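First comes the structure, then the notes that go with it.
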Amino acid sequence: MRSKIVAGNWKMNKNAMETATLLKEISGKLPNVKAEVMVAPAFVNLAEAVKQLKGSRISVIAQNMHFAESGAFTGEISADMLLSIGIDTAIIGHSERRAFFHETDEILAKKVVAALAKKMRVMFCFGEELNERKSGQHFTVVKNQLKNALFSLDASAWKHIILAYEPVWAIGTGETASPEQAQEMHAFIRKTIAGAYNSAIADEVSILYGGSVKPSNAAEIFSKPDVDGGLIGGASLVADDFLAIVKAI
Ligand code: PEP
């Protein structure tokens, strides 16, 4: 059965001390839920976060990684570096990486392959922009994002993939896809994967929703049959909000 997951993407927020404080607040009150709980602090705070959360039910994941094994890529972080500090999961393809750092489907496909080659798990993010939804292209856009970055993978790779559908118009905007819109897209994603591979793979992959999830809307979004949890941005920076969202799963 596919896992339920709630993950907090802290983006470029929280310095070392603030990271330690927030982790303490979250881990101290973490409800006993049947779901994986993950947090993605900034790169510089990952190693300390792993140490601090040792023995807790929260795992620490990375917000990004580079596709090369090593070399002259100033400012970048490799899969081996993450693994060496105890991190085995990386978010790849977040819309902010696509928009601000020009990460194309081609680059993302390379990152996915590089992570999987090191036996890492990938949380792959994708989703349409507002104009694409308004013009009715959202299903085509999402299908192409999946095809370009993931559909060349062997079927066996899919057990290491987590999907996060994040409509760009709902990220950090306070606007959320309705639970019905989320369910409609998640069901479409599953159908698309079943078509490209088979229904067993489609049924097993966890598909998270991301985009202004908060305590007030989490339970309804998570109640939809094809929504397996959430990738949470802003609300993951406030312990009580994140904990309420975890409770909602
Ligand atoms: C995100 O950036 O992945 C995200 C979902 O952000 P927010 O919850 O703030 O919309």
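Observations, loosely collected:
- Of all residues in region 143-157 being more than 16 Å from the ligand (Cβ to nearest atom) and not aliphatic (A, V, I, L, M), the one that is surrounded by the most Cβ atoms within 10 Å (Cβ to Cβ): 143
- Filter result for the condition that a residue is in contact (Cβ under 8 Å) with a residue 24 or more places away in the chain and either more than 21 Å from residue 247 (Cα to Cα) or touching a Gly at 6+ places or on another chain (Cβ under 7 Å) (or both), over 187, 194, 182, 219: 187
- Of the residues making up region 128-142, one or more are within 16 Å of the ligand (Cβ to nearest atom) and open to solvent by less than 20 Å² (accessible area, probe 1.4 Å).
- Neighbours by Cβ (under 7 Å, 6+ apart or cross-chain): first from region 79-96, away from the ligand (no atom under 14 Å from the Cβ) and β-branched (Val, Ile, Thr); second open to solvent by less than 20 Å² (accessible area, probe 1.4 Å) and part of a helix (DSSP H, G or I): 85/46; 87/46
- Residue check, residue 99 surrounded by fewer than 22 Cβ atoms within 10 Å (Cβ to Cβ), over 27 Å from residue 247 (Cβ atoms), in contact with a Ser or Thr (Cβ under 9 Å, 6 or more places away or on another chain) and in contact (Cβ under 8 Å) with a residue 24 or more places away in the chain: no
- Region 181-193, subset more than 16 Å from the ligand (Cβ to nearest atom) and open to solvent by less than 60 Å² (accessible area, probe 1.4 Å), residue farthest from residue 140 (Cα to Cα): 183
- Residues of region 158-180 satisfying the condition of being surrounded by fewer than 18 Cβ atoms within 10 Å (Cβ to Cβ), over 10 Å from residue 211 (Cα atoms) and either of a type in the set (Ser, Thr, Tyr) or away from the ligand (no atom under 16 Å from the Cβ) (or both): 159, 160, 178, 180
- The residue that is surrounded by the fewest Cβ atoms within 10 Å (Cβ to Cβ), counting only those in region 194-227 that are charged (D, E, K, R) and within 20 Å of residue 128 (Cβ to Cβ), is 224.
- Filter pass, residue 26 being under 23 Å from residue 119 (Cα atoms) and out of contact with any Asp or Glu (no Cβ under 7 Å at 6 or more places or on another chain): no
The values are calculated or read from the model by the stated rules, or taken from the named source; none is laboratory data. Quick caveat, the model's predicted, so the values are computed rather than measured. For neighbour counting, all protein chains shown are included, and Cβ atoms are generated from backbone atoms with ideal geometry for every residue, glycine included. Side chains included, ligands, DNA and RNA excluded: accessible areas come from the protein's heavy atoms. Shrake-Rupley method; radii C 1.70, N 1.55, O 1.52, S 1.80 Å.
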